């Protein structure tokens with residue numbers, strides 16, 4: 001049993017309904033935390049020993065205060081991974097106004113059952129007594145799933161099945177990150193080149209409404225076009241503009257899920273000048289039209 005996973009104490013300035021347990025079994029718990037107020041909120045929480053904890057920051061920032069002398073801040077669309085076999089780690093979760101987090105906690109033995117040892121190095125027997133910490137960007141396809149947890153409306157009969165499926169989907173997407181192939185793309189052994197490619201990706205996403213051409217993007221990143229094209233494909237598993245299209249459409253689905261925008265508004269927000277072209281691309285990727293979201 002992992003009852004301690006939901007053993008959180010609500011501070012006076014945080015109403016209980018803002019922490020919601022979506023799914024709970026003996027070996028895993030899925031929760032959401034929201035701060036709809038106009039002030040930062042504090043909430044005592046716990047990283048339980050021998051339990052793997054994921055904290056996905058959908059909207060932030062948020063701060064993890066582990067004591068008077070140590071804290072870490074997490075920004076929007078980033079996530080933390082904690083595993084500590086030595087001791088429980090109490091902390092205070094400080095959440096910014098409008099902040100939203102998804103918390104997934106799972107027993108190590110359960111993750112053993114879901115994945116092979118070779119797929120996840122820290123699951124190997126020699127590593128189970130080793131502490132692990134990771135911070136990474138939440139990819140667009142995972143971000144869409146996280147947003148759905150805040151926007152979906154379900155009947156009581158369907159909730160358990162739906163959230164169980166989403167828990168497994170989150171784990172699958174988290175651990176499906178593509179590793180770079182340095183053998184087929186030798187210049188990726190150069191960490192400076194990898195950093196420039198990642199910077200190019202960030203620049204592309206920051207300007208997705210009016211993206212630069214490939215030649216201009218390569219120049220901005222300090223690369224030649226060949227390095228950018230081949231390296232980008234190896235790191236992200238897609239062409240530069242194929243990746244951008246996927247990100248645009250995933251972002252559009254998130255906007256539509258929020259129910260705050262019309263289809264035409266979303267099309268213009270992600271850089272389409274013709275909404276019909278957006279509708280066609282959306283249907284090709286998701287199998288449904290935007291109006292059916």
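Summary of computed values
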| item | result |
| --- | --- |
| Verdict on residue 226 being under 24 Å from residue 59 (Cβ atoms) and either in contact (Cβ under 8 Å) with a residue 24 or more places away in the chain or surrounded by fewer than 18 Cβ atoms within 10 Å (Cβ to Cβ) (or both) | no |
| Any hit, region 60-70, residues being more than 19 Å from residue 135 (Cβ to Cβ) and touching a helix residue (DSSP H, G or I) at 6+ places or on another chain (Cβ under 7 Å) | no |
| Residue within region 104-117 that is touching a helix residue (DSSP H, G or I) at 6+ places or on another chain (Cβ under 9 Å), free of Cβ contacts under 8 Å to residues at least 24 places away in the same chain, assigned to a loop (DSSP other than H, G, I, E, B) and in the same structural domain as residue 163 (by TED's automatic domain parsing) present | yes |
| Scope region 68-103; condition part of a loop (DSSP other than H, G, I, E, B) and touching a residue at least 24 places away in the same chain (Cβ under 8 Å); matching residues | 77, 84, 85, 86, 87, 88, 96, 97, 98, 99 |
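The values are calculated or read from the model by the stated rules, or taken from the named source; none is laboratory data. Predicted, not measured: the structure shown is a model, and the values here were computed from it. With ideal geometry, Cβ positions are generated from the backbone for all residues, glycine too; neighbour counts draw on all protein chains shown.
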